[in-house]
Structures are given as C-alpha cells and as structure tokens.
1. By the gyration tensor of its Cα atoms, with a ≥ b ≥ c the square roots of the eigenvalues, what is the shape of segment 64-120: rounded for a/c under 1.5, prolate for a/b over b/c, or oblate?
2. Name the residues of segment 82-105 whose amide N is less than 20 Å from a point 7 angstrom out from the Cα of Leu112 along the C-beta direction?
3. Once the piece of chain linking Thr45 and Ile77 is laid out straight, how much longer is it, given 0.36 nm per residue of separation minus the C-alpha distance between them?
4. Test of understanding: what is the full-extension gain from Ala85 to Arg104, defined as 0.36 nm times their sequence separation minus their Cα-Cα distance?
Amino acid sequence: MAVPDQSQASELPPVLQRPSKGFRWIVALLAVLLAFCAGGAYFWTNIETFAEAPPAHEVVPPTLGLSPEDRDVLLGIQSGQQKTADEIAELNRNVDAQQAELKRVSDQIAALAQRIEELQNPAHIASPATSTTSPPVRTTSKPAKRDVRPSKPQGPVSVGGAPLTAEPSTEQR
C-alpha cells in the first residue's frame with residue numbers, strides 16, 4: 001500500500017509536492033507587514049490621545065481614589081501653582097530688564113564723570129587728544145623767528161620814510 005501512495009505523490013509536479021522555503025519567508029513577511037499596517041492605522045486614529053499625554057517629567061497624582069471635593073481642591077492647587085510660576089517668570093523678566101537699565105545708567109554716569117574729569121584737567125587731556133587727532137609732529141626743529149618790529153617814531157613820518165621836522169609852533173613865530 002505504501003507503493004500506490006508514492007505513485008500518487010510522484011504524479012504531482014515537484015513544485016507542488018512540498019512548499020518551498022522562499023514561500024514561507026514571503027508569507028512571514030506579509031504577516032509582519034500586515035501587523036505594522038494595523039498598528040499604524042490604530043495609532044493614526046488615536047493620535048489625539050498620544051499627543052495630549054502629559055510629558056514624562058510631570059508627575060500626575062492618581063486621582064481615581066479621591067472624592068470630587070478633593071479633586072477640585074487638587075485642581076485649585078495645581079492652577080495656583082501654575083499662576084505662581086507664571087508670576088515668578090514675569091518678575092524674573094522684570095528684574096532682568098531693570099538690571100539692564102541699571103547697567104546702562106551706570107555706564108552713562110561713568111562716561112559723564114570721565115568727561116567732567118577731562119574738563120577739569122584740560123592739560124592732562126589735551127596732550128593725548130592732540131596726539132590722537134592731529135597729524136604727526138615733525139621731528140626736525142627750526143629756529144624760532146621773532147617778530148622784530150621797528151619801534152614807532154614819536155613824531156610825524158613822511159611817506160618816503162624820512163623823518164619830518166616838527167612844525168614850528170605858533171609861539172615860536
């Protein structure tokens with residue numbers, strides 16, 4: 001009897017006699033792909049619940065065993081904490097702005113004090129200021145020329161430069 005079973009099995013082509021290993025891999029791959037598609041579809045339809053989930057660092061106390069009054073008190077405390085945190089952040093921003101303003105005013109006062117000092121000591125500031133703003137000074141020196149003016153004559157002077165004799169006074173005539 002075993003012989004006729006073998007003859008019936010041999011009548012089928014060799015491809016259909018036993019499933020190949022490649023066929024098994026394809027079926028397994030399709031099953032995994034189908035599972036990923038189902039998971040993606042579930043995630044896509046419930047994305048709001050995943051997006052609204054609290055961050056991991058926030059601690060949400062279990063409120064399931066609390067009475068409604070306790071829950072209301074707890075929510076009031078949490079909202080108070082949030083309001084206080086916002087106020088503290090606003091105060092920090094105001095302090096930072098005031099510190100920046102104080103620094104600006106302090107810099108202005110320092111600049112004014114320096115300017116007052118410069119005005120009180122003009123000789124001290126004149127030499128550095130002239131060296132930075134004036135052209136370079138020549139190192140060769142020339143002898144200083146004095147303006148020599150001839151002394152003015154006491155009496156009338158002629159156009160030609162010769163001294164005139166004084167007019168005779170009326171008393172001498």
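1. Verdict is prolate for segment 64-120.
2. 98-105
3. Values: separation 32, 0.36 × 32 = 11.52 nm, distance 3.41 nm.
Between Thr45 and Ile77, full extension yields 8.1 nm more.
4. Details: separation 19, 0.36 × 19 = 6.84 nm, distance 2.88 nm.
So the chain would gain 4.0 nm between Ala85 and Arg104.
Readers should treat all values here as calculations from the given coordinates under stated rules, not as data from a laboratory. Owing to the predicted nature of the structure, the values given are computational and were not obtained by experimental measurement. Every residue, glycine as well, gets a Cβ built from its backbone with ideal geometry; the counts of neighbours run over all protein chains shown.
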